[in-house]
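Heads up: the structure comes next, in structure tokens.
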Amino acid sequence: MAAPGPGPDLIIDGGPILTMEGAEPAYVETVAVEKGRIVYAGNRAGAMKLKGTSTRLKSLGGKTMMPGFIDSHQHFMQLGAQAVGANLLPSPDGKADTIDTLVDELKVFAKSPDVAQTGWIYGMGYDDSVLGRHPTKADLDRVSTTVPVAIIHISGHFSVMNSAGLVKAGITAASKDPVGGTIGRMPGSSEPDGYLAETAHFVAALPAITPISPAGKDYFVKRALELAKSFGQTTVNEGRVFDAATAKSMESLAERGMFDIDVIGFADYLDTSELPVWGQKYRSRLRFAGSKITLDGSPQGRTAWRTTPYLIPPDGLPANYKGIPSIPDTAIVTAAIAKAYDNKWLVKIHANGDAAIDQLLDAVGQVTATRGVKQGQVILIHGQFLRPDQIPRLKALGIFPSMFPMHTFYWGDWYTKIVGPDKAAQISPMRSILNAGMIASSHTDAPVALPDLMQVSWATVNRTSRSGKVMGSNERVTAFEAMKMITIWSADQFREGDQKGSIKVGKLADLVVLSANPVAIDPKLINTIKVMETIKDGRTVWIRKP
């Protein structure tokens, strides 16, 4: 018999409900939700006893439900640019497998009214390892000779502009390379060829993907939210809030009720002034959790800082080239970590190369020597070339690893060429981390890639490159472990595991409905699973159209 009175707001059943509780896959028949939280998770008979006069019944129709996804590292405020601009990712995420196709995609976007949002024809995600080279201004002049054109590399660390774009950015033959950056030049000349790396890119390309008007900025945020929700994400994060102005912009969005899922921000260590102002607790779905430090570049761009040279250095660089440290002075890194410790902030630290990871370990070691180990206070971001001997130090120092195993697919073949097959096979060593008794999260680093956590999970489980080569079978994990990395373990990384990440009475009703069960399907088909519905606090915020 149903309970008298209104009862819970919602009862969901009719398909596998994967709770993500425990060490093995566990299921319940039914979930009941009231006031945004899970009030029951168990068999259907028990749920029906709670049903009241106002309870809405929802059937999954045989589809699978599990906790909402939490991308452990991404750049949410740039997702709008990814959603709006030309998709220049190679297959299977886009069509830009050749320079000609890339140009065609830009020509299509050039006809869109969205060009007016930034005043640039732009696209994101080109990959020189697939194209065979970086495009040049001559390639992009085929798109337009009058409207500025910019394309952003899949790593987010490089860009290329057409002639009009270089003029708009004020880059000429007389322009000097900025500290920590490079302006590409025509052979035998100082004339820029359109290519911009690292700091040269960050400064010049930002306007190309930044809306001009306040209305345009709101439009980009709406598109960012829709993109994230379409991939089942109920909590997103901005992994590097560059300055107080950006933080205040996010605060304004929150105060105006723009966010319908949770947003976590990490302030660049150079400007943490807004952290104590807004605080570390959610207000209007926004929380600033801590700071961000970047120690090197990207492996695919060969700017990750390594202890051994790249087998193929970038053009014009010596044979002993090992990448680039972003902060050569470890004392600066140590001070930034100490500041985070003293303020009880989480601190994300981007370190891809093993030399950068050594610097991270040394700096954290100095801080913990006087302050003690604080479990999970420091979060390693990416860690592509993490060495086996570094893993015990990570554990001893309480560092939480947030990894990017999708590199095995996107750049596994490229890494085989630039660092050798042995080191390439051991990138993103997920199994070694778990075997050391640690937990870990995985991420998309979107807009580096689409915010598709099913694709990430597929790569984490299968570790197969574009060419079909297995990249270190010894580092594979199970599908259930991969799901932990995008739900409960990711929630734990943000210190929100008591509220999110699993289906348990008392937790938020953050849920995702999938076309198939990721822990029951053939592991090779995980990336074919579609998000059908995204539910935040018991309310549907996105649903796939028929």
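Coordinate-derived values only; no laboratory data. All figures in this text were calculated on a predicted structure; none of them were measured in a lab. As a convention, Cβ positions derive from the backbone with ideal geometry for all residues, glycine included, and neighbour counts pool all protein chains shown.
Could you give me the percent of Cα pairs per 20 Å distance bin for the chain, shortest bin first, beginning at zero and ending with the bin that holds the maximum distance?
For the chain, the pair-distance distribution reads 22, 56, 21, 2, 0.
Filter Lys395/Lys504; Lys222/Lys484; Lys217/Lys423 down to the pairs with a C-alpha to C-alpha distance above 32 Å, please.
Lys217/Lys423
Show the residues, 5+ positions off or on another chain, whose built amide H is closer than 5 Å to the amide H of Asn352.
Asp296, Trp305, Gly383
Sort the following peptides by mean Cβ neighbour count (other Cβ atoms within 10 Å, averaged over residues), highest first: 267-274, 359-366.
Going from most to least packed, we get 359-366, 267-274.
Which aspartates and glutamates, if any, have their Cα less than 15 Å from the Cα of Lys374, not counting same-chain residues under 8 positions apart?
Hits, sequence-local ones excluded: Asp342, Asp492.
Under 5 Å between amide hydrogens, which residues at least 5 positions from Thr540 or on another chain qualify, with H placed 1.01 Å from N in the peptide plane?
Sorted by chain and number, the residues that satisfy this come to none at all.
Which FRET efficiency value, to the nearest 0.05, is calculated for Lys107 and Arg544 with the Förster distance at 25 angstrom and r the Cβ-Cβ distance?
0.25
Among Lys63/Lys229; Lys107/Lys417; Lys58/Lys348; Lys107/Lys248; Lys417/Lys524; Lys35/Lys545, which pairs are too far apart, with a Cα-Cα distance over 28 Å?
Distance filter (> 28 Å) returns Lys107/Lys417; Lys58/Lys348; Lys107/Lys248.
Cβ under 11 Å from Arg393's Cβ, Arg393 left aside: what net charge do those residues give with Lys, Arg +1 and Asp, Glu -1?
Taking every other residue near Arg393 into account, the sum is -1.
Set Lys and Arg Cβ to +1 and Asp and Glu Cβ to -1, take the dipole of region 295-477 about its Cα centre, and tell me which of Ser473, Val448, Gly383 lies farthest positive.
Farthest towards the positive end: Ser473.
Where the Cα atoms of region 1-120 are projected onto their three principal axes, how long is each span, largest first, in whole Å?
Sorted from largest, the Cα extents of region 1-120 read 65, 34, 26 Å.
When only Cα pairs under 8 Å and 6 or more residues apart are kept, what is the percent relative contact order across region 295-477?
That works out to 19 percent.
Using per-residue counts of other Cβ atoms within 10 Å, averaged over each peptide, order 199-205, 447-453 from highest down.
Ranked by mean Cβ neighbours within 10 Å, highest first: 447-453, 199-205.
Within 10 Å, at most 13 other Cβ atoms, and a DSSP state outside H, G, I, E, B define an exposed site. Report the longest part of the chain free of exposed trypsin sites (Lys or Arg not before Pro).
With a cap of 13 other Cβ atoms within 10 Å, the longest stretch comes to 345-543.
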